[in-house]
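The values are calculated or read from the model by the stated rules, or taken from the named source; none is laboratory data. Computed from a predicted model, the values in this text were never measured in an experiment. FYI the Cβ positions are ideal-geometry reconstructions off the backbone, even for glycines, and counts take in every protein chain you see.
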Amino acid sequence: MTKRKALYEGKAKTIYEGPEPGTLIQYFKDDATAFNAKKHAIIAGKGVLNNRISAHIMTKLEELGIPTHFIRSLNMREQLVREVEIVPLEVVIRNVATGSIVPRLGIEEGEIFHQPLVEFYYKKDELNDPIVSEQHILAFGWADPYELEEMVHQALRVNDFLTGLFSGIGLRLIDFKLEFGRIWDEDGEVYIILADEVSPDNCRLWDSKTGERMDKDRFRQDLGDLVEGYQEIAKRLGLIPASGIIEGGSVNEKIAEQLEDIENAQAKERKLRAVKKTKPGRKNS
């Protein structure tokens, strides 16, 4: 990796200054964390797999007209992305009950929701990312009604696509979380685009036949080797050879470096939708 100034270091990624104004480099680490970093480990190959899976999914979403910050992969651990102002919210879409919602609402794990359930969490590590309502978001100015509606609209479209994508490779999409960012054009118009990553780190994925968990719950709940699950997802998506890229607990860098780079060609032609061009529509609850 070319030596660049680090701007931010998170639990799973480090953000560096980009080669051009308005760009950043997103570096995927091998760190695995759970319970707000109370549980932590370094797992060889995790960052390589997440980088490749997220790059692939971001390009597919862009093809559907969902704008993302992803521009192209640079190497096995880095992506070139657009610089955005991150909205301090996590948008969570739940299709099946598991995780924190089970004890919070006293429902049975595995219950299938009749329609996707949308939740919002305030991104604040020291507060353990508390769940918040639309009223909290608007009252504290974390997003305005137009931005909020656009994030939900995009998140539900992502859910539709990912459900089909993973179903096609024998996986059930249980839930996932997304982050969004703001960008502005030369006229000061604001746009909301998908940021961060879409990978097994922030998607719960269960094998359709066996129910085996292939995501970060393997690490959270000691359910099996984390990289084994991530690598299986990458294999099924056709992103790595059937033989894998992790050997004996380390990355086969010769194979990893030979993997074809992923580029978001649609980004050059994207037509963004300004969030303030139409009034937000009120949906019946």
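Answer with yes or no whether Lys5 is farther than 23 Å from Glu253 by Cβ, surrounded by fewer than 21 Cβ atoms within 10 Å (Cβ to Cβ) and more than 17 Å from the chain's Cα centre (by Cα). Answer is yes for this residue.
Here the condition is being modelled with pLDDT under 95 and either assigned by TED's automatic domain parsing to the domain that holds Glu78 or out of contact with any helix residue (DSSP H, G or I) (no Cβ under 8 Å at 6 or more places or on another chain) (or both); of Gly168, Gly141, Gly164, Gly188, it holds for Gly188 alone.
Could you give every pair whose Cβ atoms fall below 7 Å, whose first residue belongs to region 110-130 and is within 16 Å of Glu179 (Cα to Cα), and whose second residue is outside any helix (DSSP H, G or I) and among the basic types (Lys, Arg), counting only separations of at least 6 or pairs across chains? Qualifying pairs under 7 Å: Glu119/Arg94; Asp129/Lys123. Just one of the numbered conditions (1) touching a strand residue (DSSP E or B) at 6+ places or on another chain (Cβ under 8 Å); (2) within 25 Å of Thr23 (Cα to Cα) is not true of Asp187: (1). In region 243-263, the residues that are on the phi > 0 side of the Ramachandran plot reach residues that are modelled with pLDDT of 85 or more with C-beta atoms within less than 7 angstrom, at least six apart or across chains, in these pairs: Gly244/Gln231; Gly244/Lys235; Gly249/Ala44.
Residues of region 81-105 that are part of a loop (DSSP other than H, G, I, E, B) and of a type in the set (Asp, Glu): Glu83 alone.
Only one of the numbered conditions (1) surrounded by fewer than 19 Cβ atoms within 10 Å (Cβ to Cβ); (2) of a type in the set (D, E, K, R); (3) within 19 Å of Ala256 (Cα to Cα) is violated by Arg104, and that is (3). Of Leu162, Leu156, Leu173, all but one fail to be closer than 21 Å to Asp215 by Cβ, touching a Cys at 6+ places or on another chain (Cβ under 9 Å) and assigned to a helix (DSSP H, G or I); the exception is Leu162. Find all pairs meeting these conditions: Cβ atoms under 6 angstrom apart; at least six residues apart or on different chains; first residue within region 166-190 and within 12 Å of Val275 (Cα to Cα); second residue aromatic (Phe, Trp, Tyr) and buried (at least 18 other Cβ atoms within 10 Å of the Cβ). If the second residue must be aromatic (Phe, Trp, Tyr) and buried (at least 18 other Cβ atoms within 10 Å of the Cβ), the pairs left are Ile183/Tyr191. Within region 121-138, track down each residue that is of a type in the set (D, E, K, R) and either in the same structural domain as Gly65 (by TED's automatic domain parsing) or under 19 Å from the mean Cα position of the chain (by Cα) (or both). Scanning region 121-138 gives Lys123, Lys124, Asp125, Asp129.
When we screen Ile193, Ile262, Ile245 for residues that are touching a Pro at 6+ places or on another chain (Cβ under 6 Å) and β-branched (Val, Ile, Thr), the only hit is Ile193. Scanning region 138-153 for residues that are of a type in the set (Gly, Ala, Ser) and in a helix (DSSP H, G or I) turns up just one, Ala139.
The condition (being among the acidic types (Asp, Glu), farther than 26 Å from Ile71 by Cα, part of a strand (DSSP E or B) and modelled with pLDDT of 95 or more) is satisfied by just one residue among Glu179, Glu108, Glu119: Glu119.
Of the listed requirements (1) farther than 14 Å from Thr23 by Cβ; (2) in contact (Cβ under 8 Å) with a residue 60 or more places away in the chain; (3) surrounded by fewer than 20 Cβ atoms within 10 Å (Cβ to Cβ), Arg82 misses just one: (1).
State which residue is modelled with the highest pLDDT when the search covers only region 239-285 and only residues that are loosely packed, with under 13 Cβ neighbours inside 10 Å and of a type in the set (Lys, Arg).
Restricting attention to region 239-285, the residues satisfying the condition of being loosely packed, with under 13 Cβ neighbours inside 10 Å are 242-243, 247-250, 253-254, 257-258, 260-261, 265, 268-269, 271, 277-279, 281-285.
Checking the rest, the ones that are also of a type in the set (Lys, Arg) come to 254, 268, 271, 277, 279, 282-283.
Values: Lys254: 88, Lys268: 69, Lys271: 69, Lys277: 47, Lys279: 48, Arg282: 45, Lys283: 45.
Checked region 239-285; the qualifying residue modelled with the highest pLDDT is Lys254.
Here region 15-46 is the region considered, the condition is being touching a helix residue (DSSP H, G or I) at 6+ places or on another chain (Cβ under 9 Å), small (Gly, Ala, Ser) and over 18 Å from Arg77 (Cβ atoms), and the residue that is modelled with the lowest pLDDT is Ala37.
Please count how many residues of region 154-197 are over 30 Å from Glu232 (Cβ atoms), surrounded by 16 or more Cβ atoms within 10 Å (Cβ to Cβ) and over 14 Å from the mean Cα position of the chain (by Cα). So the answer is 5.
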